[in-house]
């Protein structure tokens, strides 16, 4: 009986081993398989990321080459990185859609091992390019100067600032492949202001006129009175200078436009939220004007608005083809000036002619008919926003002019030029300026980016 009991106990252990050991082997095999699959997936993700970076590098390279040589076509497959284990390459093709539009297709590939003839993975991207014609000045400011923040960029046209420049975050002026000329007079004294404001600051009277914070950069020739610090300025950067003289802002014959008025209509009759309207030449509009939704207004000549102008929600103001190369001037006198938002568009005519938008409000008793403004009145007027462009609004070949106040641009598209006592750019991607006077130089900028499948 004892022998039977002992034999029975030993049999139970054997059965347990027969069940447990294969189960453990199976579990280990599953985990090993999962580990191998995870490793392969991670490795493939790495290959894909490297190919994506190579494709982006190829697109950037092509844009740089096109801006140096307008006839640049493409290159063959070019090695971007190679080591004992991995090799990445890019190759791009360029299609000319029109004289002002091109498309780059850049393909990045990852080879593993480095000697492999067939890539482990590849990624293709398409970048649409837009041609921008450069000119003399893209920005001219008065005593209030230029303020740039976030990712705002000025990529074409030179800059003249009577006051000061303040840049922060990743804002940028110029490119390594397309430097610009920046002139700063430092006419922002005295502070606090008195009757002599604005005048050029004396050495040591105030801080330096160009303040660059964070990763902001200037690429170009920089001349600035009283500027010593040249950090974050390149190509060639700061040039020693105390000879920048103040420059009067471009003038306009406001009185002449008022005297030429032939027709007067109300703001209500000039406004629309759908359909089409035509504003005749030499029209005076009394009161506020609102153009919204899908409304399209064709402008046949100069228009004077005594109130405020608001253009929004994909609405369009269109320069009549009959004007040819003559710009229609829109004078806006209301305190809030002219506002363009939510994809509002100032459309040039077939001759490539845009608008000139003028605002004349000032924090002074003579407003809106001030012919001169200095001292405390100018100081108190320079920060008021009377021209604003926001949320993809744009005006290619158009000029925006805040005579005594501020032009503010946020998240906007292509613009012609900005003039004002103060210019502020913020919350933007790339803003590319043309100019009032063309030099015929063409600069290409990215206008769209997408994966190619």
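Under the definition of Cα pairs under 8 Å and six or more residues apart, what whole-number percent is the relative contact order of the chain?
The value is 14 percent.
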| request: May I ask for the angle, rounded to the nearest 10°, between helix 2-68 and the longest principal axis of the chain, with both axes built from Cα atoms and the value confined to 0 to 90°? | output: 30
| request: Quick one: plug the Kirkwood hydrodynamic radius of segment 56-147 (C-alpha pairs) into Stokes-Einstein at 20 °C, 1.002 mPa s, and report D in µm²/s. | output: 138
| remark: Per-residue ellipticity at 222 nm attributable to helices in the chain (runs of n ≥ 4 DSSP H, -39500 (n - 2.57) apiece, nearest 500 deg cm²/dmol) works out to -6500 deg cm²/dmol
| DSSP-defined beta bridges in segment 90-194 - what % are antiparallel, rounded to 5 | 60
| message | I need the peptides 66-73, 377-384 ranked by packing, meaning the mean over residues of other C-beta atoms within 10 angstrom, with the highest value on top. | response | 377-384, 66-73
| field | Relative contact order of segment 249-436, pairs being alpha-carbon contacts under 8 Å that are 6 or more residues apart, as % | value | 14
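Rounded, prolate or oblate: pick one for the chain, where a ≥ b ≥ c are the square roots of the eigenvalues of its C-alpha gyration tensor, a/c under 1.5 means rounded, and failing that, prolate if a/b is larger than b/c, else oblate.
Note, shape of the chain comes out prolate.
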| message | Quick check: residue separation of residue 44 and residue 101 times 0.36 nm, minus the Cα distance between them. What number comes out in nm? | response | 17.0 nm
| note | Of all DSSP beta bridges with both partners in the chain, the antiparallel percent, nearest 5, is 30
| note | At the level of C-alpha centres, the distance separating segment 257-284 and segment 38-69, in angstrom, is 53
| field | Alpha-carbon Rg with Dmax, taken over segment 138-238, Å | value | 13.1, 44
| remark: FRET efficiency (residue 74, residue 313; Cβ distance; R0 56 Å; to 0.05) is 0.85
| message | Run the simple label-point estimate for residue 322 and residue 177 please: 7 Å along Cα→C-beta, distance reported in nm. | response | 4.4
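Readers should treat all values here as calculations from the given coordinates under stated rules, not as data from a laboratory. As the structure is a computational prediction, the values presented were derived from the model and not from experiment. Ideal geometry is used to build each Cβ from the backbone, glycine not excepted, and the neighbour counts take in all protein chains shown.
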